[in-house]
1. Counting other Cβ atoms within 10 Å, keep those with at most 16, restrict to DSSP loop, and tell me which GluC sites (Glu not before Pro) in region 246-306 are left.
2. For the cross-link pairs LYS14/LYS276; LYS256/LYS276; LYS259/LYS329; LYS70/LYS259; LYS61/LYS322; LYS141/LYS193, which exceed 26 Å when the distance is taken from alpha carbon to alpha carbon?
3. Give the shape of region 213-318 as rounded, prolate or oblate, defined through the alpha-carbon gyration tensor: a ≥ b ≥ c are the square roots of its eigenvalues, a/c under 1.5 means rounded, and otherwise the shape is prolate if a/b is larger than b/c and oblate if not.
4. Computed from these coordinates, which is P(r) over Cα pairs in 20 Å bins from 0, in percent: [x] 29, 55, 16, 1; [y] 21, 34, 26, 13, 5, 1, 0; [z] 26, 50, 24, 1?
5. Antiparallel DSSP bridges in region 161-286: what percent, to the nearest 5?
6. How would you order 172-178, 154-160 from highest to lowest mean count of nearby Cβ atoms within 10 Å?
7. Anyone know which of ASP188, ASP97, ASP341 comes out most mobile in the 10 Å Cα GNM of the chain?
8. Fewest first, what order do ASP190, ASP203 take by the number of other Cβ atoms within 10 Å?
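What follows is calculated from the coordinates using simple rules that are stated; it is not laboratory data. In this text, all values refer to a predicted model and were calculated from it rather than measured experimentally. Ideal geometry is used to build each Cβ from the backbone, glycine not excepted, and the neighbour counts take in all protein chains shown.
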Amino acid sequence: MLSVGLVGLPNAGKSSLFNLITKNTVPVANFPFCTIDPTDGTVAVHDPRLEKLAAMANAEKTIYANIEFKDIAGLVKGASQGAGLGNQFLSHIRECDMILMVLRCFEDDNIIHVENRVNPGEDEEILVMELTMADQSMLEKMMTRLEKDLKTSKDVLASQKINLAQELLQAVVNLQPANTVLSPANADKDLIKWRKGLNLLTDKPIMRLCNVSLDTANFEYATDFELDIAGELALADMSIEERIELGVSPESGLDKLIKKCFETLNLSTYLTVGEKEARAWTFTNGMLAPECAGKIHTDFEKKFIKASVCKYKDFVELGGWKGVTAGGKLNLAGKDYPMLDGDIVEFIIGN
């Protein structure tokens, strides 16, 4: 399951965003550190294609792809030295696939800013500093162990691990995210796996969300995504028809945000459909058919023979599997087939 860690200064809008995404109740108050304990929430990823397929097959269940969000206490300048609540909760998002940095980009005298000013650029600098310093602490401890183990370890990659760890450490010491350090072009796959296992916060994709407001002055700031969180909360319970009647986009800002998260992580979705269920499966772009089969069950990858694949558009227009077969739109894909977003698939698995 895709997981996203929410990071921001107090009152940046993290917990309001979390409420919007999950429709769970998380305390939202006008003072720092309202969110104390890390809060997890899982939400289904809306996909109209899946709903259409479920209706066509009269499926008993519709199972969407899921995305998990983790909301932690707001960071402040000096958190790595213990200011505020410190960065004690950062460990809770080390296992996340990406970091969503929420930046306040609006003026509102009624909402306190912990730094007594509104400046998204400076806020981003504070967040990057605290994230990199947390990684620095972890890497320094790691270096001590690696150097000790080098003398006794039989690990053939030991020296390469030390070299890579030193590069990563140098980057974060200079307040540069670890993801700015590229692994060697010919890096051993086990070295890449080891690096990923470090779960460095700044080695993950970092997406910046600018929290704007229609009711107050906004700061122009180049971020990856803009969202009026308060405005979206007001529209959260409205149907598509009601949104259109109000003259707003039928696609919610949240749906767009989730699409952007998938894009940032280079993810797509393939679909399966039958009488029992219509289901969405998430995969990394470039994955071959056997790897995608493994998303359903690990044995499916090992025992993969081939896959019946068709495009969503053809499946709908021709009325299902019989139609795409008769219309010559069914592809029998082998082990070298790269799965594409929106592919409808039936895997053929051996014993």
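1. Within region 246-306, the qualifying GluC sites (Glu not before Pro) (loop, at most 16 other Cβ atoms within 10 Å) are GLU251, GLU275.
2. From the list (LYS14/LYS276; LYS256/LYS276; LYS259/LYS329; LYS70/LYS259; LYS61/LYS322; LYS141/LYS193), the Cα-Cα distance tops 26 Å for LYS14/LYS276; LYS256/LYS276; LYS259/LYS329.
3. Cα axes put region 213-318 in the prolate bin.
4. The calculated read-out lines up with [z].
5. Bridges in region 161-286 are about 70 percent antiparallel.
6. So the peptides 172-178, 154-160, ranked by packing, come out 172-178, 154-160.
7. It is ASP188.
8. ASP190, ASP203
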